[in-house]
Every structure is written in structure tokens, then in C-alpha cells.
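The structure appears below as C-alpha cells.
The values are calculated or read from the model by the stated rules, or taken from the named source; none is laboratory data. The shown structure was predicted, so the numbers you read here are calculated from the model rather than taken from an experiment. Every residue, glycine among them, receives a Cβ derived from its backbone with ideal geometry; neighbour counts consider all protein chains shown. These area figures cover heavy atoms from the full protein model, side chains too; ligands, DNA and RNA do not enter into them. Shrake-Rupley method; radii C 1.70, N 1.55, O 1.52, S 1.80 Å.
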Amino acid sequence: MEIRKSVLPVSRPHSGPEEIQAISEVLDSGWWGKGPKVEEFEKSFAKMVGAKHAIAVTSASAGQDLVFKALGMTGVDIASPTISFMTTAVVPLWNNCTSNIVDVDPVSLNIDPNDLRKSLKPNTNAVIAVNNAGVLAPIDEIRSYFDGFILEDCAHSCYTPGAGARGDAAVWSFQAVKTMPTGDGGMITTNDSSLYEKILPLTWLGISSTYSRTQGKNSNSVGNRPGYTWDYQIDVLGYKAYMIDLTAALGLVQMKKLPAALSWRRHIQERYNSELSSEVQRPAHSETVQYYGARVSPSLRDELISYLGEKLIHTSVHYKPLHLHPVVKQNRTFPVADKEWLRLISLPCHGAMTEEDISYVIYWVNEFFSK
Ligand SMILES: Cc1ncc(COP(=O)(O)O)c(C=O)c1O
């Protein structure tokens, strides 16, 4: 097969005229900051995932940080899996907590509930359970022996049925290569109204939204005046992490396209599953296919990455275990993750891929193994 002319990225966002139209409308409206589009996005998103409350933020990282800040969780231990993005390991450190990194299940690569149980310390007050690559983490099993706070990391599981429903709160990511990308952005969802009330003011320095004050909704304005109220009173130490209408407008369009986007990702998964060489171990089935994390022999993995690179096919590894990064080094061993990550290779999977692109990847992977 002839080598293609341009690179096939491992992941990338995909948009059309609908996104341009939505952004133009917000530009023309004169309200670019947090306003009606954010409100609409929060309501629609909460409905989609079956949550009582949703708070749109600048990223999932900021969202996880605000959840722990709202809970006042500091000086304790927070557990999370070693196969994950760095966010889950460092958010505890941002809150002066210890980051207790746990080994993973060899099949799903999600946090291993048995290893978690052994790793719990008397002051482990929270667990961050990542739905790795869209596969649901074993939260019910964790709940059978752990009664602390469970933050469900849904960065890869938008939308896997059931995601976000089992944690005390869930955080979602709309970063540029996620299933519902807005460039950057995130959502916090919870059914806990008191937690919701605590998180909301933290997103903007403890100030009530300017837009709500133009609408006569003066949650923390001074006095109860009709119409626009410029004044507000700040009672809590807040941060700056709210989403703006330009981002929410993209989110609303991407949300409408989500079912089609996911069905295309599942099609890619199905073709890889049925057509790739038997030398390639298939990943656990995912409803979102945030990554197609295949596994191959560790002695061939890096050679395959270089070989595909020469054919202009970009690949990645999700993830190098977090405990291997000096910033969160742990004083223990991780037998499963240390063995499995050396076999991982993520093949291209995204909405901009064509049927020919999928065939191209399959052809060159199989060609590599036929040698
Ligand atoms: C598992 C996981 N959690 C959290 C995040 C952080 O998301 P964001 O980039 O929106 O901060 C990511 C991002 O890739 C992720 O993969």
C-alpha cells in the first residue's frame, strides 16, 4: 500500500459549520463570558448524565481541585490508579494531601479494588476512580469496604451508560481530544445539593455570576434590588474556573453530535477488533473508545510505534504509569502496571478518520506482524 501524504493523528477534534455558526451567534450576542449558554449547557448535560446538578468549569483538572476544596479536604490521603493522566495524582498534592497511587486490574487497567483495599491508610478519606478509556471503574466493589468520598473521573467516559452515577461527584473533560471537545473545559456533576452550593461560588472568587445579576437573580448581592445589581458580598475564598459562553456554545453543538461521534468510534473499535492480527491483544470493550489501547509483545511495542510512524500513523501510550514520574514517586511496587504498560499502544481513533484511514492502520499493523 502506498504511504499516505499527510499524518494520521492518534486523536483530534472534529467540527463543521454548526460549530462556526454557534460561536458566531455568541460573538454577535455581546455576551462572551459566563451567561445563558453556560446555563443551557449545564442543564442539558445534567439531564444527559442523570445528575441533579452540573457546574461547567475550565477543565476537569480545575473541577477535581474545586471538589476537594469545597469538601475542605486537606492534610489527608487520597487514593487513585497509576494508569491515568497526571491530574488524578497531583490534585491531592494541590490540596496538601498525600497522593496514594494504586495498582490496576490487568484486563480493564482500572483501579484494582483488591490492591486499593490493601493500600488504604487510616486517613485515606477519598478515592478518585477513573473510568479508564471509557470502561467503568469498580465503584460498587470499592463501596463495599470504603465509606469515604468517591470522586468518579469521567474524563474518558462521556458518555458511557452509567458513568457519573456511582460516585459522590463526577468530573468530566471536554479537552481537545475528548469525545465532546470544546478545546478545553470540564463539568462537575453531583446529586448532593449541599456540595453543589459549596462548589459554585468557588468557580469565581466567591462572586455571584454577573449575568445572573442582570437577570435579577441576586444570590449574594447586597440588598434585594430589581434589575441589574452591581454589588455583591464575598464570604468565601474562591478561585477562577468557570466556563464561558463561547466554550459552552461549542459544547452544546458537540453534545448534539455525541451519539453519532460515539457510534463512529465504536465502528472503529469493531473493525480493529475483527481485522487486526492475532498478535494484537484487544482492549476491554468501551462505549466511548476514548482510546483504542491495544497491547502487543513488549519486545515489539516500540519497534511497532516507529514502524507506524514511518507510515505517517501516529500512536500513543495511555499511560506510562504515574508512579514512574518522580513528582509522585511511591515507596512500593506495582507489578501489574509495570508489566502491562510496556505492551500498550493506542491506535488512531477519532471522528475525522475515514473508512480508508481505518483500513490503512489495519493494513500496516498486520504488515508489521507478517514479517
Ligand atoms: C483520566 C483523566 N482525568 C483528568 C483529566 C484532566 O482533564 P482536563 O484536561 O480537562 O483537565 C484527563 C485529561 O486527559 C484524564 O485523561
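The stretch 1-50 and the stretch 271-308 have their alpha-carbon centroids 29 Å apart. GNM on the chain, C-alpha springs below 10 Å: top fluctuator among 97, 158, 349? Highest fluctuation of the listed residues: 97. Relative to the longest principal axis of the chain, what angle (0 to 90°, nearest 10) does the C-alpha long axis of helix 36-49 take? Compared with the principal axis, the helix lies near 50 degrees. With a Förster radius of 35 Å applied to the beta-carbon distance between residue 14 and residue 370, the computed FRET efficiency rounds to 0.65. Across the accessible surface of the stretch 1-75, with the other protein chains kept in place and a 1.4 Å probe, carbon and sulfur atoms take up 58 percent.
Between 50, 206, 16, the residue with the greatest mean-square fluctuation in the GNM of the chain (Cα pairs under 10 Å linked by springs) is 16. Compared with the dominant principal axis of the Cα atoms in the chain, helix 355-370 is inclined by about 40°.
For the stretch 287-367, carbon and sulfur atoms together expose 54% of the accessible surface, with a 1.4 angstrom probe and every protein chain in place.
Over the stretch 131-270, with every protein chain in place, what whole percent of the accessible area is carbon and sulfur at 1.4 Å, could you tell me? Carbon plus sulfur share of accessible area: 55 percent. For the stretch 206-355, the solvent-accessible area works out to 48 Å² per residue, with a probe of 1.4 Å and every protein chain left in place. Applying the criteria of a DSSP loop state and at most 16 other Cβ atoms within 10 Å to the trypsin sites (Lys or Arg not before Pro) of the stretch 63-121 yields no site. For the options 237, 116, 322, a Gaussian network treatment of the chain with springs between C-alpha atoms closer than 10 Å singles out 237 as fluctuating the most. Accessible surface area normalised per residue over the stretch 1-41 is 65 Å², counting heavy atoms of protein chains with a 1.4 Å rolling probe. Summing charges over all other residues whose Cβ lies under 14 Å from the Cβ of residue 91, with Lys and Arg as +1 and Asp and Glu as -1, gives -3. Could you name the lysines whose alpha carbon sits less than 16 Å from that of residue 5, not counting residues in the same chain fewer than 8 places away? Residue 5 reaches 311.
Lysine pair count for the stretch 146-276 (Cα-Cα distance under 24 Å; residues 8 or more apart in sequence or on different chains): 6.
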